[in-house]
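These notes concern the structure reproduced below.
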Amino acid sequence: MSNRQMKAHEIVALFVQLLWIDLTTIANVVGNMPRANVAAWLSGKKENLRHESVIRLLDLVGLNVREGVYLDPSRVHVWKIKDGLLRNSRNAYEPLRILSRLMADSAITRIEPPKRGWLAKKRHQVYLISGPGVRVVVEVSKSIFKSARVTPEHVPGALWRDPVDPHSKALPHTIETTPEKWSLLVNRDLAPFEFDQIFNQEEPKLRWQGVAMLAREYSITPDMIHEHILSTQAQAEAPSRSKDEQRGEPLDVHPSVILLSHEARRRSAAA
């Protein structure tokens, strides 16, 4: 599949494997279509979905199709790979390898909270992939007898965030985060700026409780803080958009998907 142009149903099918979306969810997104019809479309047996339905599906799985086919830079994408003892590991990681083009020029690191048991570290591992317009969390549930394959070898075009320190006793290619951030991460409630804080190791020095005490000391009300946030939001969004416009390579897609991209851009301009 990776050596030829992919059609929309093939792209969505790859993301379905990484997102573990069921047919019922997909059927609801495209307009209460029977599950059998959705399954037939995903398998490529039928071209029975309208353009607007396919565009909604591509958006559902996290793709921006208005200017090519890229990962949506405004989201933190959370993917899950299950590689049990009896599963074929190559098949488990195949969607990640095929979609690696979307993460070109990105960096990979494993992430851990301050304390976690040995068995948990072996069974459940979490990786971050960060790059221009790319924020991906990859959760790996695996057999303790297997190694995770979220590496530059299996994500071509990406590199490790940090080199291995031969003198360090820490896990290689691994950074640590706070219990609070870890909780947000595993509960899939991580905002893009929080993802960046973890990856760049830029944890804020203050907590909200401390800020509230400081605000009270200087007679600053919640309304004043609210107004300040709104007044500075536009200034903060411009450089953020500029940064996210630099992104990995688009997927090599079939001309039919390019037509969908043109249609999505037309609809966006008309809205």
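Structure notes:
- Single match in Ala120, Ala107 (criterion: among the hydrophobic types (A, V, I, L, M, F, W, C), in the same structural domain as Pro179 (by TED's automatic domain parsing) and in contact with a strand residue (DSSP E or B) (Cβ under 6 Å, 6 or more places away or on another chain)): Ala107
- Region 98-121 - residue that is polar (S, T, N, Q) and touching a Gly at 6+ places or on another chain (Cβ under 7 Å) and, of those, farthest from Val253 (Cα to Cα): Ser106
- Restricted to region 1-28, and to residues there that are in a helix (DSSP H, G or I) and of a type in the set (Ser, Thr, Tyr), the residue that is nearest to the chain's Cα centre (by Cα) is Thr25.
- The set of residues in region 174-217 being assigned to a helix (DSSP H, G or I), loosely packed, with under 11 Cβ neighbours inside 10 Å and among the polar types (S, T, N, Q) consists of Gln209 alone.
- Against the conditions (1) in contact with a Ser or Thr (Cβ under 9 Å, 6 or more places away or on another chain); (2) surrounded by 20 or more Cβ atoms within 10 Å (Cβ to Cβ); (3) not assigned by TED's automatic domain parsing to the domain that holds Asn187, Gly31 satisfies every one except (2).
- Cβ-Cβ under 7 Å pairs, at least 6 apart or on other chains, region 142-156 side in the same structural domain as Trp118 (by TED's automatic domain parsing), far side among the acidic types (Asp, Glu): Lys142/Asp83; Ser143/Asp83; Lys146/Asp83
- Take the conditions (1) modelled with pLDDT of 95 or more; (2) aliphatic (A, V, I, L, M); (3) surrounded by fewer than 15 Cβ atoms within 10 Å (Cβ to Cβ); Leu171 misses just one of them, which is (1).
- Some residue of region 98-119 being without any contact (Cβ under 8 Å) to a residue 40 or more places away in the chain, surrounded by 14 or more Cβ atoms within 10 Å (Cβ to Cβ) and of a type in the set (Lys, Arg): no
- Test: residue in region 64-86 that is closer than 30 Å to Ala36 by Cα, in a helix (DSSP H, G or I), of a type outside the set (Asp, Glu) and assigned by TED's automatic domain parsing to the domain that holds Lys146: no
- Evaluated against (1) modelled with pLDDT under 85; (2) out of contact with any Ser or Thr (no Cβ under 9 Å at 6 or more places or on another chain), Gly248 falls short on exactly one condition, (2).
- Residues being farther than 13 Å from Val12 by Cβ and part of a loop (DSSP other than H, G, I, E, B) - total across region 29-46: 6
- Condition broken by Glu52, with the remaining ones in (1) assigned by TED's automatic domain parsing to the domain that holds Gln17; (2) over 19 Å from Gln5 (Cβ atoms); (3) in a loop (DSSP other than H, G, I, E, B); (4) not aliphatic (A, V, I, L, M) satisfied: (3)
- Selection count, region 68-92, where residues are exposed (fewer than 14 other Cβ atoms within 10 Å of the Cβ) and either charged (D, E, K, R) or more than 14 Å from the chain's Cα centre (by Cα) (or both): 7
- Reported count of residues in region 93-124, each being of a type in the set (Gly, Ala, Ser), in a helix (DSSP H, G or I) and under 14 Å from the mean Cα position of the chain (by Cα), is 1.
- Subset of region 125-161 that is surrounded by 15 or more Cβ atoms within 10 Å (Cβ to Cβ) and of a type in the set (D, E, K, R) - its residue that is nearest to the chain's Cα centre (by Cα): Arg135
- For Val65: the one exception among (1) crowded, with 20+ Cβ neighbours inside 10 Å; (2) touching a Pro at 6+ places or on another chain (Cβ under 9 Å); (3) of a type outside the set (Ser, Thr, Tyr): (2)
The values are calculated or read from the model by the stated rules, or taken from the named source; none is laboratory data. Given the structure is predicted, the values throughout are model-derived calculations rather than measurements. Using ideal geometry, Cβ is built from the backbone for each residue, glycine included, and neighbour counts are taken over all protein chains shown.
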